[in-house]
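Colleague: Structure provided below as structure tokens; questions to follow.
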Amino acid sequence: MGKAFNENSMSNPHKSFFETEIDRLYKNGPFSSKMYVQVRQSKAFMEKFYMKKIELDDMAKAAFLSRFHYVRVFRRMYGLTPRAYLRDIRISKAKELLKNGETITTVCFEVGYDSLSTFSSVFKKCAGCTPKEYQLRNKAI
């Protein structure tokens, strides 16, 4: 008798109130499950091809969305833009390579940058030090 009646409790009487609410929120959430899958595909695309020249249009195509809608959806899902996510992947990979003693020039091109000066300035902005300083502090023994 103490249980509240609603249409969801009739459709599946074995679910708890919280399970029913989670289902409702997911169903009525800001994005469809298809949208989540599409954006995750683009994220996987970036993780796989970070070392290539990837344009925003390429990322959006991987998600089957227009570039403008893609940027808005990605930012809402992950809290940062697709370009910022790609940059973070590249800098993370660069740190690994620098720790392993790769030259800065090699690292620059292996993580998808075309210019050593761009790579160095982006690295410094993200890591708080230059690639050379990072390498000297973290060189694998």
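Since every read-out is calculated from the coordinates, none of them should be taken as a lab result. Note that the structure is predicted; figures quoted are calculated from it, not measured. Cβ atoms come from the backbone with ideal geometry, glycine included; neighbour counts cover every protein chain shown.
Colleague: Quick one: 3J(HN,Hα) in Hz for segment 84-93, Karplus 6.51/-1.76/1.60 with θ = phi - 60°, rounded, Gly and Pro as x.
Modeller: Karplus-based 3J(HN,Hα) across segment 84-93 equals 5, 5, 4, 4, 5, 4, 4, 5, 4, 5 Hz.
Colleague: Taking θ = phi - 60°, what integer Hz values does the Karplus form 6.51 cos²θ - 1.76 cosθ + 1.60 yield along segment 125-137, in sequence order, with x for Gly and Pro?
Modeller: Listing the rounded values in order: 4, 7, 9, x, 7, 6, x, 5, 4, 4, 4, 5, 6 Hz.
Colleague: From the square roots a ≥ b ≥ c of the eigenvalues of the alpha-carbon gyration tensor of segment 87-138, which class results: rounded (a/c under 1.5), prolate (a/b over b/c), or oblate?
Modeller: Rounded, because the longest to shortest axis ratio a/c is under 1.5.
Colleague: Using +1 at the C-beta of Lys and Arg and -1 at the C-beta of Asp and Glu, which of LEU136, VAL111, GLY101 has the Cα lying farthest in the positive direction of the dipole of segment 87-138?
Modeller: LEU136
Colleague: Another one. What Kirkwood radius, in Å to one decimal, follows from the Cα pairs of segment 33-84?
Modeller: The Cα-based Kirkwood calculation yields 10.6 Å.
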